[in-house]
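Written below as structure tokens is the structure these notes are about.
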């Protein structure tokens, strides 16, 4: 691609963007030297962070947080660059730093960002501030930027300006004025001084002002030429006709008739109809389907196809909302369930939620080898080799000639557990690993005793003290939990995770606000951009009535993630003098209010409070359990299932939560075998629990196993021979037989 003259950084890159066809677009200066693995590290960083749209590297010559000063290699001859870059990558493997702007000398941009906001703004001429402008527009459209900390690229810097004999500083000042004028910054604001990004992004993305069209290239005299000014004259649609979310031209509205349920391309998700639609009509079809939902239609079909469309357009929260709605309207439709499970696993990367739905599919269709294979793969990825082998064996029973699955199974069968000597069994590492395994198996009580034994022998084991704090907290023993957290911090005061746990516990559970504030300050002294701590500080200061300090910390958090809508809302609330829910009421007070509403039959009010609580305290099992109850009462079965399972996952030793989950599986879902397995596990812990024995008897009856049912009823009567309800169940079974 050749231009007759220097068209500038933005225009030149836009020419490249116009012909680029990949999933990612890379803008790379001609005055850089890349290092081994650089591009892979940028892509890996982008793929691991779905909300990130732009990724940049670290470098020796760049402004802002991407700069590494005083690099140890020769920046002229580049001697020592290769080993330095390799050491840097190893030391910072997988580390990511979020920031509002990536410098344009090397920018990896997701295709969806280019489609949403267009190209670089050419008003900046030869260069400077078009990268700031692009990053800011990405933030407005909901995409963040970050640095792949393990990626290092050498940058000579300003070679274009030097070659063209341009005064770089003079150009910088001129382009700074253009940037200020465009974004409404004070005219007197000097270059280099900070400014409030929240004021700029408050209005959100406006396609008419922020979308920059990328012009299709024309061939002219053997030279490829393009110009935004020419393009603006040739556009058939005004900029106002651009989609603010996607940056694509809207087609004229048309009646889609019966063919509106359509998808395009190869996808694992099941469509409701087969015809193909073009990308240009997606917005129209979505609007048409949303409108159709208001009338008498098959809502499950429309929600399912809306889920697929929103997935294609990258609006994942709305996709999830519609997939869940489809399964709630038609809970026995395997296609809709498969779409939901695939979305959880492939898009949300939530293997636990995906597992729950895939298992429902297998319960409905036990010979579905595709789903059985997926379940095996998920368990294999989670290192749950026993479960993986179980599912692979079921596939081979159905498909004996499946060589791929046979290979997986043979590899698992040949896996031998490492031999551990008696001496190794008593090491603190071995004892700690045993405790972890017990937690994973759901045996929190034994894990707690194991850790107590560990710290009795090795009192300096800080991690064991920290984990004891977690287990004590889950068991409801706040006093022991606090002591364990404090001991962990005393042993390893530099460990920020231990400090966060202690500060959060003091703030949320003990209401010791001043003590928590002191610890949060210590964390920020080491990690000034720690988002969780900045938000906690903002809320604590708000609680104490220190509005200016609260705004300071929340603004800092917004600078770290300027696209975060929750932080923006928190900032607006504090500015308006509103206190966060945590500041108004304690967890106990809010929970008590919800219970009162539930007892009075005010389910909607109870749900509102419980949802607020679970958003701020996602690890409180009792809230998840109660949300399961409330959602079940309102018929929201999929949501109820999620919360029942979450409660049992957080506190696997809680008998009530596991009973509720088992009852839900049996009564609401018809998943009798799964419910029965939970009850059998509970019976091992509580062999004389009449409620469990009765439930097992009833399940056996439904499974047409009268002998087993009779056995469980007799066991219940041995415990409570006066129990008339059990005798009635036995009599009914005899008469039915």
Q | Residue in the stretch 634-653 that is outside the structural domain of residue 438 (by TED's automatic domain parsing), assigned to a helix (DSSP H, G or I), modelled with pLDDT under 90 and loosely packed, with under 15 Cβ neighbours inside 10 Å present | A | no
Q: Test residue 26 against the stated conditions and say whether it is within 23 Å of residue 88 (Cα to Cα), crowded, with 18+ Cβ neighbours inside 10 Å and assigned by TED's automatic domain parsing to the domain that holds residue 113.
A: no
Q: Among the numbered conditions (1) outside any helix (DSSP H, G or I); (2) touching a residue at least 12 places away in the same chain (Cβ under 8 Å), tell me where residue 401 comes up short.
A: (2)
(Q) Cβ-Cβ under 7 Å, sequence separation 6+ or interchain: first residue in the stretch 442-468 and at pLDDT 90 or above, partner assigned to a loop (DSSP other than H, G, I, E, B). Which pairs? (A) 462/492; 462/495
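Just to be sure, is residue 418 part of a loop (DSSP other than H, G, I, E, B), farther than 30 Å from residue 369 by Cβ and modelled with pLDDT under 90? Don't jump to the end; show me each part of the working.
On the way: part of a loop (DSSP other than H, G, I, E, B): yes; farther than 30 Å from residue 369 by Cβ: yes; modelled with pLDDT under 90: yes.
Considered against the rule, which asks whether it is part of a loop (DSSP other than H, G, I, E, B), farther than 30 Å from residue 369 by Cβ and modelled with pLDDT under 90, residue 418 comes out as yes.
The rows are residues; the columns are (1) buried (at least 22 other Cβ atoms within 10 Å of the Cβ); (2) in contact with a strand residue (DSSP E or B) (Cβ under 6 Å, 6 or more places away or on another chain).
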position: 83; (1), (2): no, no
position: 88; (1), (2): no, yes
position: 91; (1), (2): no, no
position: 95; (1), (2): no, yes
position: 106; (1), (2): yes, yes
position: 115; (1), (2): no, no
position: 119; (1), (2): yes, yes
(Q) Filter the stretch 1-54 down to the residues that are part of a strand (DSSP E or B) and under 33 Å from the mean Cα position of the chain (by Cα) and list them by number. (A) 24, 25, 26, 27, 28, 52, 53, 54
(Q) Regarding the stretch 499-518, can at least one residue be identified that is assigned by TED's automatic domain parsing to the domain that holds residue 549, within 27 Å of the chain's Cα centre (by Cα), in contact (Cβ under 8 Å) with a residue 12 or more places away in the chain and loosely packed, with under 14 Cβ neighbours inside 10 Å? (A) no
(Q) Which numbered condition in (1) assigned to a helix (DSSP H, G or I); (2) over 30 Å from the mean Cα position of the chain (by Cα); (3) over 22 Å from residue 25 (Cα atoms) is the only one that residue 90 fails? (A) (2)
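Of everything in the stretch 55-83, what is closer than 20 Å to residue 132 by Cβ and assigned to a loop (DSSP other than H, G, I, E, B)? Give them in sequence order. Working first, answer last.
Filtering the stretch 55-83 down to residues closer than 20 Å to residue 132 by Cβ leaves 55-59, 61-67.
61, 62, 63, listed by residue number.
The values are calculated or read from the model by the stated rules, or taken from the named source; none is laboratory data. This structure is a prediction, so every number in the text was calculated from the model and none was measured. Glycine also receives a Cβ, built like all others from the backbone with ideal geometry; neighbour counts cover every protein chain displayed.
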